[in-house]
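Single-structure report; data block below.
Derivation of every value follows stated rules applied to the coordinates shown; laboratory data play no part. Here the structure is a predicted model, which is why all the values come from computation and not from measurement. Cβ coordinates were reconstructed from backbone atoms using ideal geometry, including for glycine residues, and neighbour counts include every protein chain displayed.
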């Protein structure tokens, strides 16, 4: 799993290889290609990923040539079907997980979430995005359809901090797609500010913590409940960022603290 300004590691049940990424133009495509590979893995029917951010130039590795990436991507997409692990209630079934995949992306109306949605659509997958803003959802859907020429993308308003909203998101996903293969927890907030903690308002802190920590917990809970009852199983990917590796984030301390908590939550879900 790869993305700009991130070094990312996939953690699956029971284990999975690690990956590092260049901060390069094709990083979102790399991310999508790597995400596409995990539904073929015989390791798990549920998996969780943490993204460790890095802004250090020393973390940059040489870019992967685009033609090599595309070749690798295609070999992932059209390889063998997934074999369910014993941790899945459907471990003894043989319902294959083959492309195209049904992909749900929270915070998919802009930024990394939007870029991932675009790449999945270009690969022929079915995509569902959500955002706290109806207007941003509508705008993102229009742009995705124009930019990719694909119509198999849907969206709805969802505030991940609200359990009822996330339950409604699951119901919407079932209505449109029947099941979800890949759930990407991308929604996050820094309250649109970079300043010392002492200058942060109560509202800013509440928004950051409830979105990045509580919202992630709610989404993981609902995604797990959804996927444990799907014959195809499913994969959950949690995106974290600066602070997740324990390094200080002095001008966005609350954000860094919440992203550090993603690591603990991810490991706890795997235990």
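Taking the range 221-248 as the search range and keeping residues that are buried (at least 22 other Cβ atoms within 10 Å of the Cβ) and assigned to a loop (DSSP other than H, G, I, E, B), which one is nearest to the chain's Cα centre (by Cα)?
239
If you take the residues in the range 161-210 that are within 16 Å of the chain's Cα centre (by Cα) and within 20 Å of residue 248 (Cα to Cα), which one is surrounded by the fewest Cβ atoms within 10 Å (Cβ to Cβ)?
189
Among the numbered criteria (1) in contact with a helix residue (DSSP H, G or I) (Cβ under 7 Å, 6 or more places away or on another chain); (2) within 16 Å of residue 191 (Cα to Cα); (3) outside any loop (DSSP other than H, G, I, E, B), which single criterion is violated by residue 256?
Result: residue 256 passes all but (1).
Condition test on residue 236, is it in contact with a helix residue (DSSP H, G or I) (Cβ under 9 Å, 6 or more places away or on another chain) and under 11 Å from residue 185 (Cβ atoms)?
yes
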